[in-house]
Amino acid sequence: MLKEVKSKNLLGIKACLFDLDGVIVDTAKYHYKAWKKMANALGFDFSEKENEQLKGVSRMDSINLILGWGGITLSDSDKAKWASQKNDWYLEYLQQMDKKEILPGALELVQELKAKGYRIALGSSSKNAVLALSKVEMLSYFEAIIDGTKTTRSKPDPQVFQMGAAALNCQPAECIVFEDAESGVAAAIAGGFYAVGMGSPDNLGKAHIVLSSLKGVSINDLIAKIAIS
Ligand code: BG6
Ligand code: MG
């Protein structure tokens, strides 16, 4: 079966669209730490499980969720102040980042894709995506960067990936999306993309396949696995 799938190239994949935080770079932990700092300063805390719901979600949507968990109501201007404070804390972590923060296998996969002629784009909710990719010296691999500065709708809306596919001149069904967020997997599926969940099947089970890491992953094997999923 696997052999047949490979030889027929059943899926006709032309491009890969990568989420950034938690897929390419190990920054999901820094978003969590910075939001936690804000929650603690406001007198409450939230769990790692709750944090899963923040992955892929824009900065202002995130603060609304967190304040809801803490039962706190703030004016719009105070919300904007705290969101900006959280971003300052996050940027402090980001400034210290280097290539060591690339997640296992991500660079190798991107390099393999490039060598084999696949198109590559970023599909991130973050407004700090270009900075993060620059810090780990991976900016040049991406033909298109669609990030929180360009989108108007947050994941699980598929807009970010639709814009990525359009920038690469590809159809959704010709693209694989790599995502660590439940909202991101939902966005990929809603847009008609193939989805690879990075993390646990507990919350990413809607993806075509779920991997715990990109370590040792090659594109042919991945396509074969998706094809029989
Ligand atoms: C996503 C993260 O990639 O970007 C979220 O998963 C984050 O946790 C969102 O809130 C927005 O990021 P930023 O950098 O614009 O605050
Ligand atoms: Mg992510």
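The values are calculated or read from the model by the stated rules, or taken from the named source; none is laboratory data. Predicted model, so just to flag it, every value in this text is computed and none were measured. Neighbour counts run over all protein chains shown; Cβ positions are idealised from the backbone, glycine included. Heavy atoms of the whole protein, side chains included, go into the accessibility calculation; ligands, DNA and RNA do not. Shrake-Rupley method; radii C 1.70, N 1.55, O 1.52, S 1.80 Å.
Taking each residue of the stretch 76-94 that is open to solvent by less than 50 Å² (accessible area, probe 1.4 Å) and looking for partners that are among the aromatic types (Phe, Trp, Tyr) with beta-carbon atoms closer than 8 Å, six or more apart or interchain, yields 86/35; 90/30; 93/30; 94/30.
Of the residues screened, residue 146 is not one that is at pLDDT 95 or above, within 23 Å of residue 216 (Cα to Cα), buried (at least 18 other Cβ atoms within 10 Å of the Cβ) and within 15 Å of the chain's Cα centre (by Cα).
Just to be sure before I move on: is residue 74 modelled with pLDDT of 95 or more and either within 16 Å of ligand 2 (Cβ to nearest atom) or part of a helix (DSSP H, G or I) (or both) in the structure I sent? Judged against the criteria, residue 74 is not a match.
Restricting the search to the stretch 32-61, which residues are within 11 Å of ligand 2 (Cβ to nearest atom), part of a helix (DSSP H, G or I) and in contact with a Ser or Thr (Cβ under 8 Å, 6 or more places away or on another chain)? Scanning the stretch 32-61 gives no hits.
Across the stretch 144-170, what is the number of residues that are under 26 Å from residue 65 (Cα atoms) and either in contact with a Leu (Cβ under 7 Å, 6 or more places away or on another chain) or part of a loop (DSSP other than H, G, I, E, B) (or both)? So the answer is 14.
The residue that is surrounded by the fewest Cβ atoms within 10 Å (Cβ to Cβ), among those in the stretch 208-229 that are touching a Pro at 6+ places or on another chain (Cβ under 8 Å) and not polar (S, T, N, Q), is 215.
Any idea which of 113, 109, 91 is modelled with pLDDT of 95 or more and more than 26 Å from residue 186 (Cβ to Cβ)? So that I can check it myself, show each step before the final result.
On the way: 113 fails: more than 26 Å from residue 186 (Cβ to Cβ); 109 fails: more than 26 Å from residue 186 (Cβ to Cβ).
None of the others qualify; the one that does is 91.
Tell me whether the stretch 168-182 contains one or more residues that are within 28 Å of residue 97 (Cβ to Cβ), under 13 Å from the mean Cα position of the chain (by Cα), among the small types (Gly, Ala, Ser) and modelled with pLDDT of 95 or more. Yes, the stretch 168-182 contains at least one residue that is within 28 Å of residue 97 (Cβ to Cβ), under 13 Å from the mean Cα position of the chain (by Cα), among the small types (Gly, Ala, Ser) and modelled with pLDDT of 95 or more. For the stretch 182-201, check the following and say yes or no: at least one residue is within 14 Å of ligand 2 (Cβ to nearest atom), in contact (Cβ under 8 Å) with a residue 24 or more places away in the chain, crowded, with 20+ Cβ neighbours inside 10 Å and among the charged types (D, E, K, R). Among the residues of the stretch 182-201, at least one is within 14 Å of ligand 2 (Cβ to nearest atom), in contact (Cβ under 8 Å) with a residue 24 or more places away in the chain, crowded, with 20+ Cβ neighbours inside 10 Å and among the charged types (D, E, K, R), which makes the answer yes.
The set of residues from the stretch 106-143 being open to solvent by less than 30 Å² (accessible area, probe 1.4 Å), of a type in the set (A, V, I, L, M) and either outside any strand (DSSP E or B) or away from ligand 2 (no atom under 16 Å from the Cβ) (or both) comprises 106, 109, 110, 113, 120, 129, 132, 133, 136, 138.
Has the stretch 174-182 got any residue that is within 12 Å of ligand 1 (Cβ to nearest atom) and assigned to a helix (DSSP H, G or I)? Lay out the reasoning, then the answer.
Start the filter on the stretch 174-182 by keeping residues that are within 12 Å of ligand 1 (Cβ to nearest atom), which leaves 179-182.
Now drop any that are not assigned to a helix (DSSP H, G or I), which leaves 182.
Scanning the stretch 174-182, I find at least one residue that is within 12 Å of ligand 1 (Cβ to nearest atom) and assigned to a helix (DSSP H, G or I), so the answer is yes.
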